[in-house]
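Input: a single structure, listed below in structure tokens.
The values are calculated or read from the model by the stated rules, or taken from the named source; none is laboratory data. Not measured: the values here are computed from a predicted model. All Cβ positions, even for glycine, are placed from backbone atoms using ideal geometry, and neighbour counts span all protein chains on display.
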Amino acid sequence: MKVNIVVISTWVLLIWQSNVVNVFVDFGYVSYFFYAFLVLAFLWLVLGALYDDGVDIPELRPIILIVVPVVLGALFGYTFLDEVPARVQAATAMNGRDYLRAFLLLPVLLILFACRIAISVNAGLKVERILFPILLTIWFFNFYVFASAYFSGVQLSLVQGERNQYLSGTGFHPNALGSILVVGLASLLGYLRAPLNSRLRSVLAVSAIVTMISILLTFSRGSILAMFVLTILYGYTLPARQKLVLALLFFGLLLLSPDIIFQRFSLGFEGGGVDFNKMSSGRLELIWLPLIPDVMNNFLIGQGTASIMWTDTMKSGKVFYPVGMAHNGYIDLLLDFGIVGTVLIMAFYFYVLRKCMVEMKYEIEPIFYGSYYAGYLSLIAFFVLALTNERLIPGYTYFILWIIIGILLGRHRASRNGSG
């Protein structure tokens, strides 16, 4: 029964985060059903674990490194919401309820969900039962992109100003959609690297190629850069012939890509010089550099999650864009949590990354070797994406990553004890 609830909860989480429900009903209200279900399912499973002497709880103490700053940062930031300038409030439409839902409830739920997956994997849950809904969800997002491209009549000559419009029907910004697909690609490549059965490897290979095409069609430079890094990392240890095939596939896809991709990557290189501000779409001079005084003035503990909205720099108008994030996860991390919170949060990610790199050298079960490799690639992609796209705290764009983290934490004790 416990295993079934974990699998059902995985399906519920993935359906919720895919935004597919928004096609049929008012998603804002239905989302409360998903929150309630996941909370009740988690409580049910925790109570079951507490009263079942046979349940072996895996090593989950490192989770504290990220739970504490995320919770305190959200509660601290909530106290500043009345200081958000009107122009930022109008652009972000952020209220107290939405703030707590996005920056407290969702991150905590994702972390707790990863813990519950860890307990279930450690108790014998087959990873394949979690991998299948992840695979199907990736295909849902691929369908979103291809359907949007088809019905909007996207041409190879698409220009810069049109790139956000044709994906608006998905309910996701192109950068967010690209981030989801990149982490999905990382998980596919990770399991593809494992010596699984040939039929599953064929499905994973086809899924990875389709996902690469979808990432290109988001026209998100950060996502395409992360995809390039993943391709390099994945292909580095492949045999020479497979390296050649992978390189031909990647550059073949680029050659067939719309002109806008080359337009976007050429920003800042016109006229023979390098314009870093233009390369960053104006973020360097209009967002990042103006925020440095706020980072330094609150260097120790920051100003709370999403604090860019109420920084002195934003209030004074020195940050030109009325944004709710700095479009650089590392700047956001320092702004929100200061050096103390940043060190704690990054320590957790590097703990997981190190475990992936160490454990996959000794893992003998193919599915868990694939899980470690998927975690390794997903975290590298996560770090690259944070340069331009997303925050470095648990959020809706990284729900697949947190499922993978749950699998890894659940396997840690089993592999250390030699049971695998």
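General remarks:
- Single residue of the stretch 183-210 satisfying the filter (surrounded by fewer than 18 Cβ atoms within 10 Å (Cβ to Cβ) and part of a loop (DSSP other than H, G, I, E, B)) that is modelled with the highest pLDDT: N197
Yes/no matrix, rows are residues, columns are (1) buried (at least 17 other Cβ atoms within 10 Å of the Cβ); (2) under 19 Å from T92 (Cβ atoms):
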{"site": "D312", "(1), (2)": "no, yes"}
{"site": "G317", "(1), (2)": "no, yes"}
{"site": "H327", "(1), (2)": "yes, yes"}
{"site": "D332", "(1), (2)": "yes, yes"}
{"site": "F337", "(1), (2)": "yes, no"}
{"site": "V343", "(1), (2)": "no, no"}
{"site": "L353", "(1), (2)": "yes, no"}
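- Residue match in the stretch 122-131 (condition: closer than 23 Å to I393 by Cβ, surrounded by 16 or more Cβ atoms within 10 Å (Cβ to Cβ) and modelled with pLDDT of 85 or more): yes
- Matching residues in the stretch 211-221 - criterion: being under 20 Å from S281 (Cα atoms) and either at pLDDT 90 or above or touching a strand residue (DSSP E or B) at 6+ places or on another chain (Cβ under 8 Å) (or both): I215
- Any hit, the stretch 55-62, residues being part of a helix (DSSP H, G or I), modelled with pLDDT of 85 or more and among the charged types (D, E, K, R): no
- Taking the listed residues F146, F103, F113, the one that is within 28 Å of A194 (Cβ to Cβ) and either under 19 Å from the mean Cα position of the chain (by Cα) or at pLDDT 85 or above (or both) is F113, with no other qualifying.
- Between I331, I308, I364, I339, the distinction of being in a loop (DSSP other than H, G, I, E, B) and without any contact (Cβ under 8 Å) to a residue 60 or more places away in the chain belongs to I364 only.
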